[in-house]
1. How long, wide and thick is segment A:63-174, going by the Cα atoms along their three principal axes, in whole angstroms, largest first?
2. I need the calculated FRET efficiency for the pair A:D96 and B:T314, taking r as the beta carbon distance and R₀ as 51 Å, to the nearest 0.05.
3. Identify which of B:Q212, B:Q423, B:Q71 has the largest mean-square fluctuation in a Gaussian network model of chain B, with springs joining Cα atoms closer than 10 Å.
4. On the accessible surface of the protein assembly as shown, probed at 1.4 Å, how many percent belong to carbon and sulfur atoms?
5. Using only the heavy atoms of the protein chains and a 1.4 Å probe, how would A:R428, A:R67 rank by accessible area, largest first?
6. If you average the sequence gap of Cα pairs under 8 Å that are 6 or more apart and divide by the length of chain A, what percent do you get for the contact order?
7. May I ask you to list the trypsin sites (Lys or Arg not before Pro) in segment A:260-343 that are in a DSSP loop and have at most 16 other Cβ atoms within 10 Å of their Cβ?
8. Distance between the C-alpha centers of segment B:252-302 and segment B:58-122? Whole Å please.
2 protein chains.
Amino acid sequence: MGLIRPRTLKGFRDFLPTDARARRRVVAVVTKVFERFGFLPLETPALEYADVLTGKYGDEGEKLMYRFTDQGDRDVALRYDLTVPLARVVAQYENDLPKPFRRYQIATVWRAENTQRGRFREFTQCDIDIVGSAAIAADAEIIAVIASVLETLKVGPYTIRVNNRKLLNSVLAAAGVKEKDWLPILRSIDKWEKIGAEGVRSELSEILSDSQMENFFSLLPKERTEPFDEWSARVSAVISKEGDGKEGLGEMAALLEGAEAIDAPNGTVVFDMLMARGLDYYTGTILEAVIDGQEDFGSVFGGGRYDNLIKQFTGKDIPAVGVSCGLDRLLAAVAENEDFSVKPATASVLVCYVEDDTVAEGQIIANELRKEGINTDLWLDPARLEKQLKYADMLGIPLAVLFGSEEAKKGSVTVKDLRTKKQTRVPRADLVETVNELLGV
Amino acid sequence: MGLIRPRTLKGFRDFLPTDARARRRVVAVVTKVFERFGFLPLETPALEYADVLTGKYGDEGEKLMYRFTDQGDRDVALRYDLTVPLARVVAQYENDLPKPFRRYQIATVWRAENTQRGRFREFTQCDIDIVGSAAIAADAEIIAVIASVLETLKVGPYTIRVNNRKLLNSVLAAAGVKEKDWLPILRSIDKWEKIGAEGVRSELSEILSDSQMENFFSLLPKERTEPFDEWSARVSAVISKEGDGKEGLGEMAALLEGAEAIDAPNGTVVFDMLMARGLDYYTGTILEAVIDGQEDFGSVFGGGRYDNLIKQFTGKDIPAVGVSCGLDRLLAAVAENEDFSVKPATASVLVCYVEDDTVAEGQIIANELRKEGINTDLWLDPARLEKQLKYADMLGIPLAVLFGSEEAKKGSVTVKDLRTKKQTRVPRADLVETVNELLGV
């Protein structure tokens, strides 16, 4: 029989113990913060009916969906994000869910992305959403959660950019652009950081006439950092007349005010008209968080308000706002933080294999330590002690316990501290106490 | 635009907050026990190259695999279990992994099962495996972990059945059955609990001649509960001559001895020649755990030794043993245990919406409580207080905090305990202390 070549699909990853532990630690922090804000966990299937997912992400998104026909001839797809499944859940169980519904979900999503730009085809998203509140205070809560996650993980300075689709749309309307062109234009604007002003202008020139372009740019902030009040004073007369422009101005003013109550340094939350977010379904506030100095790397959090998405299932207006965090980017941001770079061991003690005759007692010792709440590994096969200690050292297990015939004779046991290389022989009855002392418990 | 009907695929489930929390609690206990035994986390992709997965589960298993062609024309499949991906990982990263490698993985697997028998098409498995040890002590460690999980979750009396494929194979060989028929026969035997002795006999009569059948049954234990020593004394002369029969007898004796060191009531681990486990890849010890009185419901844990699986990738012998736990069955077993049936709230406090003028202060209060480590929900929209308190009660949030113009005037805040219905007004500065006292922190 031929050998099967062990390999993973492009864009899919294994996480060996060191990485898996780092991921688990960050997920634990994120979960803790989400629960601190009263969000409730939800789990949804990886696979959905395709029609549940399609028509929400734009054509480009849809091409990236893993879609196939199952054994029952159903048209199915792997989830592309966690927002659309949430919208389905809200529609499906309307009467069983709390209102408002603060939910979090930390789960894998799949997109057949071009992997060349450090993107993966399978990745974990950490999402929070507040469903059933139209209040801008809900948008402010989302911002407060983002700040709390990033403060808790000590990622260093970061910026939360906020904008509003109603403002972008009214600027486009005021510039004389037809509604069908808005989304492609927003997607171009969103690339500002990557392709620069000239790149954006060149992309837009394919959609906009020269006069539309001129109008459009004249309504944007003078510099990316122009404060909301100044920009608003300049353009409000024009854009208040367009569609939801006035509403957008009011929402943005309220959001910036609400953001003052959150626990983050001044200047963390900034108005940014050049942040547009690509997804089709946003209707109001949009927001993203970037680590200062790592802007090129993309946003760590991204999201916004989507008051019409659930309507596609129910026909009823149910307002919602939320944000999604890419675990990979969050991990990259905390990589410098030593709390999260540790050796992979889960055990604090390795009970070694000393002699064939004392193996059974080794098993008993290991189970005794475990019963006392001490994480304990047990070496199972005959092997030189050096090999066993090297294994402990590689994993970062701090203590080794040795029980051979000599210890058996004297009713004692040897404990070796692999950090200090000191070893002591203690009465068998004192083992747990000795281990706990050395571990500083 | 027509509405999209919100629905899930047959065999796929949403877990709303109450269920999701119960699942998270059980997973946390399982994880803690796995780490107590020194197992290390591993994460592998949901999607694998199909050839990595095929040829290991038998024809029936393979039909249940979700297999499709991806955008890059690759033949891919969703993982069917966590054991084969582990074997791939061991082959792929041989030099980067600790030896022996104790790994755990808690993750979703997919099988297009017939859903009529309470089976799901998407479910979570909790797996531990020890790779790189041929010692029967490793098999005993696996049994110790199973016992520790079930003891910690207080599921009530349970039985861990152990058997050995070498024993089953040698009995079949001694009965004159050809090797190609062994696996289908083992699969029939495995249904003993469901279809009874007569059902098994009737299935076997399609494969075995009358004399083979007679020989076969004469070599099985007289009753299912016949102790290993008695059965072994009766048949060892015959089966020791067949293939690995002698080895199987030695392994079983050693395993039953090793199982005495584990922390479980006497009689928990029983030899059971009628437990065969269906998967192709087992080579030695096989084992399963059932909750006493719930045997019909199937096993909570199932696994065994598979010394040849990794060889399919590497060509080298790498011994391995492990067990897989179905989270759904574990949850069903703990459902009676009140620790795991709770209301879904993650928050301990709901900061209510009292008046429009005091909303901003409500946000500040909520963020103050959160900063002190108190999980806090915040009501965001104008609403009658009754509605807000009903929400808190439905979720199980124990405390409500009210801050209106009256409180503002007096520099105080009202705290209502929803369990006792008592409410007190305290100075604003004493809020955190009052809340902590009421929560018993």
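1. 46, 44, 42
2. On the way: r = 50 Å, r/R0 = 0.98.
Efficiency for this residue pair is about 0.55.
3. In this elastic network of chain B, the residue with the biggest mean-square fluctuation among B:Q212, B:Q423, B:Q71 is B:Q71.
4. Details: 17080 of 36460 Å².
That share works out to 47 percent.
5. Working: A:R428 45, A:R67 115 Å².
I get A:R67, A:R428, largest accessible area first.
6. Working: 714 pairs, mean separation 68.1, N = 441.
The normalised contact order for chain A reaches 15 percent.
7. Working: sites: A:R277, A:R305, A:K311, A:K316, A:R329; in loops: A:R277, A:K316.
Those satisfying the criteria are A:K316.
8. 23 Å
The values are calculated or read from the model by the stated rules, or taken from the named source; none is laboratory data. Quantities reported herein were computed from a predicted structural model and do not represent experimental measurements. In this analysis, Cβ positions are derived from the backbone assuming ideal geometry, glycine residues included, and neighbour counts consider all displayed protein chains. Please note that ligands, DNA and RNA were not included when accessible areas were found on the heavy atoms of the full protein model with its side chains. Shrake-Rupley method; radii C 1.70, N 1.55, O 1.52, S 1.80 Å.
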